[in-house]
Structures are given as structure tokens and as C-alpha cells.
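Working notes, beginning with the structure itself.
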């Protein structure tokens with residue numbers, strides 16, 4: 001498993017780096033503009049590819065934890081963190097990127113969001129989150145349990161929107177932002193956490209390190225939702241003067 005693992009890691013670094021950089025251009029560029037759409041497509045495609053490669057990396061780790069991570073001694077920790085949790089994060093990344101893409105593709109045809117593959121992705125994500133939590137309990141790793149909550153929340157909120165019979169006119173835009181910024185949070189989390197284990201192993205499981213992408217991503221989502229008026233109260237009608 002050593003050489004397939006190393007090839008996948010190189011591919012993961014290449015696609016992940018492109019995704020990490022391209023993420024910011026749609027965030028800061030004019031919404032709907034040429035750069036927003038062009039780099040948005042690049043980001044989505046690289047996230048789908050990065051997630052698929054990460055799934056392969058995690059499977060290699062589960063098959064041969066010692067051979068793929070000879071610098072780490074605890075086999076149970078390697079299997080849990082670099083196997084099961086990485087597989088979960090890979091599925092989360094693919095889920096959010098695909099969901100965010102479909103939200104804009106189907107902005108004029110909401111039932112299209114209920115395509116079988118989108119529904120299946122929510123089921124697979126919920127199952128992966130559940131497994132991540134169970135594996136975290138087995139190796140006494142609270143971080144895995146905490147991270148699983150994001151998957152449950154993502155699958156639940158995605159499903160609620162997908163099966164709404166009559167969503168608000170711009171609800172697709174809110175979900176599009178949530179999905180693609182969420183994919184950015186996922187890939188930056190993996191970058192900080194799994195990259196840190198090679199450079200600074202003592203920080204690899206630090207909750208503070210893992211929280212940086214989450215806090216940054218949530219701030220971006222909230223900022224754009226506020227601009228769309230999703231988080232502001234409607235103005236109260238002026239009282240008539242008698």
C-alpha cells in the first residue's frame with residue numbers, strides 16, 4: 001500500500017492546493033461576474049477531485065495503517081484519525097461541493113435538487129458521521145465525536161432544503177453559499193490538521209488548530225447571508241398618525 005498511498009498523497013496536495021487558492025477568488029470577487037463563475041467552477045471541480053483522492057488515501061490507511069504512517073506509533077489513533085475521520089471529511093467535502101453546485105444549477109428548477117445522487121450523498125454523509133463518532137468513542141478521541149456533528153447538521157439541513165415544496169425565491173443562493181464555503185472549511189481543516197502532523201505532530205489534534213477554518217468559514221457565510229438580508233429582521237411598518 002505504500003506506493004499507491006504516496007501517489008495519492010501527491011495528487012491530493014496538487015488538487016488541494018489549487019482548491020485552497022481558488023476558494024478565495026469567488027469569495028471576494030463580484031458575485032455572478034466572470035471571475036466568480038470561472039474560479040467557482042475550478043474550486044468545485046478540484047474539491048470533488050480532492051475529496052475522491054482523500055477517500056483513496058483513507059482507504060489505504062485503513063488497509064495498512066503502519067505502512068502508510070510509519071512515523072506514528074499508535075495504530076488505533078492512525079486508523080481512527082487518518083483512516084475513518086479522513087474518510088468522513090472527504091465525503092463531507094464532496095457532499096458540500098456537489099450540493100453547492102446543484103443549488104445554483106437548479107435555481108430555476110428546485111425539484112432537480114432531489115436527484116438520486118444528491119439524496120444518496122446525504123445518506124452516505126450521515127452514515128460516515130455516525131461511524132466517525134463511534135470510532136471516536138472507541139479510541140477515546142473527543143475531536144472525532146465533535147467533528148461528526150458537522151456532518152449530521154449538513155445532511156439534515158441539506159435534506160430539509162431539498163425536500164421543501166416551495167422554498168423562498170433566493171433560498172438557493174443561501175444554500176449555494178453554505179455548500180461551497182462549507183467545502184472550503186472542510187478542505188482547510190484537512191490542510192491544517194493532516195498537514196500539521198508532518199510538521200508539528202504535537203499540534204495535529206489541537207482543537208484550536210481545527211477551529212480556525214470553521215470560525216473563518218462561518219464568518220464568511222454569516223457575512224454573505226447578512227448582505228442578502230437573511231439574518232436581518234424585516235423593518236417594522238410605520239405606525240399611522242391619527
- [ ] Within segment 126-142, identify whether any single residue is under 30 Å from residue 165 (Cα atoms), touching a helix residue (DSSP H, G or I) at 6+ places or on another chain (Cβ under 9 Å) and in contact (Cβ under 8 Å) with a residue 40 or more places away in the chain, and answer yes or no.
- [x] yes
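Determine, yes or no, whether residue 220 is surrounded by 14 or more Cβ atoms within 10 Å (Cβ to Cβ), at pLDDT 85 or above and more than 13 Å from the chain's Cα centre (by Cα). Before you say what the answer is, go through the steps one by one.
On the way: surrounded by 14 or more Cβ atoms within 10 Å (Cβ to Cβ): yes; at pLDDT 85 or above: yes; more than 13 Å from the chain's Cα centre (by Cα): yes.
When the stated conditions are applied, residue 220 passes them.
Does residue 40 count as assigned to a helix (DSSP H, G or I), farther than 18 Å from residue 4 by Cα, at pLDDT below 95 and out of contact with any strand residue (DSSP E or B) (no Cβ under 8 Å at 6 or more places or on another chain)? Walk me through how you get there before you give the answer.
Working: assigned to a helix (DSSP H, G or I): yes; farther than 18 Å from residue 4 by Cα: yes; at pLDDT below 95: yes; out of contact with any strand residue (DSSP E or B) (no Cβ under 8 Å at 6 or more places or on another chain): yes.
Yes.
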Task: One residue from 25, 21 being in contact with a helix residue (DSSP H, G or I) (Cβ under 6 Å, 6 or more places away or on another chain), surrounded by fewer than 18 Cβ atoms within 10 Å (Cβ to Cβ) and either part of a helix (DSSP H, G or I) or in contact (Cβ under 8 Å) with a residue 12 or more places away in the chain (or both) - done: 25
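What helices (runs of 4 or more DSSP H), lying completely within segment 56-147, carry at least 2 residues that are under 21 Å from residue 171 (Cα atoms)? Break it down into steps so the answer makes sense when it comes.
On the way: elements: 65-68, 86-105, 116-138.
Output list reads 86-105, 116-138.
The values are calculated or read from the model by the stated rules, or taken from the named source; none is laboratory data. Predicted model, so just to flag it, every value in this text is computed and none were measured. Methodologically, a virtual Cβ is constructed for each residue, glycine included, from the backbone with ideal geometry; neighbour enumeration extends over all protein chains shown.
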